[in-house]
Amino acid sequence: METAKSYRRYLRSLFSLYGFYPRATLAAVWRTPAFIRDCIAFARMNRSPGEWPFGRFYPYLGDRRAAAGTAKGHYFHQDLLVARRIYECNPVRHVDVGSRVDGFVAHVASFRKIEVADIRPLKASIANVAFTQIDLMAPLAAQHLAMCDSLSCLHALEHFGLGRYGDRLDPDGHLTGLANLARMLGEDGILYLSVPIGPQRIDFNSERVFGMAHMLDLLDRAGFDLLRFSCVDDDGDLIENQTLSPVLVETNCGVEYGCGIFELTKRRQPGSAAS
C-alpha cells in the first residue's frame, strides 16, 4: 500500500508531465509582492540608470529561502559514488551504458577517458568521452563482446522495453539488457549497476521498480557476484556499503522508491583459462 508521501510524490510527478506545478504556482503568487517591492526599492537606489538600465524582468522567486544546493537523491549519490569507485580502481577500459551524460559521465570524464553507449544519439563532442549509439536490446556486434574490464549502467536498465526512449516494447527487455551487459564485460570485470528498488512493479512507461529478492536472483542467474551494495533511501540519503540481511532483502531495504547501487564482479565460467 502506498504511503501518503509516495502518493504526493506521484501526484507532483504526474502534474509536472502536463506542465502544471501547483506548489510552485502558489509559491510564486505568494512571493511576487516581495519581488515588486525589491524592484521599486532598487530602482530608487540606482544612481546610474543610464549606465545600468533595466532590461527584461526575470523574477527568481524561490532562491531567497533555498539551500545552497541539493545533496540528496538517486542521481546525486550514485554518480558520485560510482565515479569515486572508478577513480580508485583505475580500470584499463571503462564503458558506460545509458547513464546521465551531464552527471555520472561528466564526473568520470573529468579525470579519465570513458566510452559511452546509448540507444539515443549524442551530438555533442566532449573531451574524454567516446560515444557509440547501440541498442542493448539487439544482438551485440563482435567488437562489443568482452570489450572492457569495467562497466556501468546507472538508472537505465529499468527502462529497457518500455518504449520511453524509442526502444521496442518488450516485457523482458530488462533481461535482454542485463544479458548483454554480461556479454560486454570481460571475466572478473566489475559492473556498477543501479536500479530503482521497492515493492516490485512497473510504473508505465516510466520505469520498473525491482524487488530486492528478485533483483539479486536475476544478477546471480546472469553470472554476477555481489561485491558491495549501497542504497539511497526514500529521504534521498545514501547508506553506503550496506550489509544485506534476509530482513532487508525481504523488506526491500525499507523503501517504497529507493535506489539500489550494486557493485558486481562477472563470475568466471567453469573451464575458462585463468588470466
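Non-local amide H neighbours of ALA156 (under 5 Å, H modeled in plane, Pro and chain starts lacking H): which ones?
SER194
Can you pull out the trypsin sites (Lys or Arg not before Pro) in segment 10-51 whose DSSP state is coil and whose Cβ has at most 16 other Cβ atoms within 10 Å?
ARG47
Percent of Cα-Cα pairs more than 21 Å apart in segment 77-224, please.
For segment 77-224, the fraction of Cα-Cα distances above 21 Å is 42 percent.
Using a 10 Å cut-off on Cβ atoms, rank the peptides 236-243, 214-221 from the highest mean neighbour count down.
Going from most to least packed, we get 214-221, 236-243.
Using the Cα atoms as the points, what is the convex hull volume per residue of segment 224-270 in Å³?
80
Can you run phi through the Karplus equation (6.51, -1.76, 1.60; θ = phi - 60°) for segment 92-108 and list ³J(HN,Hα) in whole Hz, with x for Gly and Pro?
These are the phi-based 3J(HN,Hα) values: 5, 9, 10, 10, 10, 10, x, 6, 5, 5, 7, x, 4, 4, 5, 4, 5 Hz.
Please list, or write none, the lysines whose alpha carbon is within less than 22 Å of the alpha carbon of LYS72, excluding same-chain residues fewer than 8 places away.
LYS5
For segment 89-141, max minus min Cα coordinate along each principal axis, in Å, sorted largest first?
For segment 89-141, the Cα extents along the three principal axes come out at 31, 24, 15 Å.
What does the helix-only formula give at 222 nm for the chain: each DSSP H stretch with n ≥ 4 adding -39500 (n - 2.57), the total divided by the residues, and the result rounded to the nearest 500 deg cm²/dmol?
Taking each H run of at least 4 residues, the total per residue is -9500 deg cm²/dmol.
Near ALA156, within a Cβ-to-Cβ distance under 10 Å, what is the net charge of the other residues, with Lys and Arg +1 and Asp and Glu -1?
Residues near ALA156 contribute -3 overall.
How are the alpha carbon pair distances in the chain distributed across 5 Å bins from zero to the largest one, expressed in percent?
1, 5, 10, 14, 15, 15, 11, 8, 6, 5, 4, 3, 2, 1, 0, 0, 0
How do LEU178, LEU169 stack up against each other in accessible area, from largest to smallest, with a 1.4 angstrom probe?
The residues order as LEU169, LEU178, largest area first.
Bin all alpha-carbon pair distances of segment 180-275 at 5 Å intervals from 0 and give each bin's fraction as a whole percent.
Distribution as computed: 3, 13, 23, 23, 17, 12, 6, 3, 1, 0 percent.
Return the lysines within reach of LYS113: Cα separation strictly under 23 angstrom, same-chain partners fewer than 8 residues apart disregarded; answer none if there are no such residues.
Qualifying lysines at Cα under 23 Å: LYS123, LYS266.
Show the residues, 5+ positions off or on another chain, whose built amide H is closer than 5 Å to the amide H of VAL116.
Long-range HN contacts for VAL116: ASP96, ALA130, PHE131, THR132.
Output ³J(HN,Hα) for segment 215-223: one whole-Hz value per residue in order, computed from phi by the Karplus curve 6.51 cos²θ - 1.76 cosθ + 1.60 with θ = phi - 60°, and x for Gly and Pro.
Residue by residue, segment 215-223 yields 5, 5, 5, 4, 5, 5, 5, 7, x Hz.
What is the distance in Å between the Cα centres of segment 172-229 and segment 14-66?
Their Cα centres are 45 Å away from one another.
Set the Förster radius R0 to 35 Å, insert the Cβ-Cβ distance between PHE57 and ARG164 as r into 1/(1 + (r/R0)^6), and round the FRET efficiency to 0.05.
0.45
What percent antiparallel are the DSSP beta bridges of the chain, to the nearest 5?
55
Each residue of segment 180-185 in order: what ³J(HN,Hα) in whole Hz does its phi give by Karplus 6.51 cos²θ - 1.76 cosθ + 1.60, θ = phi - 60°, with x for Gly and Pro?
Once θ is set to phi - 60°, the couplings for segment 180-185 become 6, 4, 4, 6, 6, 9 Hz.
Within the chain, what whole-number % of the accessible surface is contributed by carbon and sulfur, with the 1.4 Å probe and all protein chains included in the calculation?
58
In angstroms, what radius of gyration and Dmax does segment 140-211 have, counting Cα atoms only?
Just the Cα atoms of segment 140-211 yield Rg and Dmax of 12.9, 38 Å.
Taking H placed 1.01 Å from N in the peptide plane, check which residues at least 5 places from ALA146 or on another chain put their amide H under 5 Å from its amide H.
Long-range HN contacts for ALA146: MET184, LEU185.
The values are calculated or read from the model by the stated rules, or taken from the named source; none is laboratory data. Quantities reported herein were computed from a predicted structural model and do not represent experimental measurements. Reconstructed Cβ throughout: ideal geometry from the backbone, glycine too, with neighbour counts over all protein chains shown. To get the accessible areas, we keep the full protein, side chains included, count just its heavy atoms, and leave off ligands, DNA and RNA. Shrake-Rupley method; radii C 1.70, N 1.55, O 1.52, S 1.80 Å.
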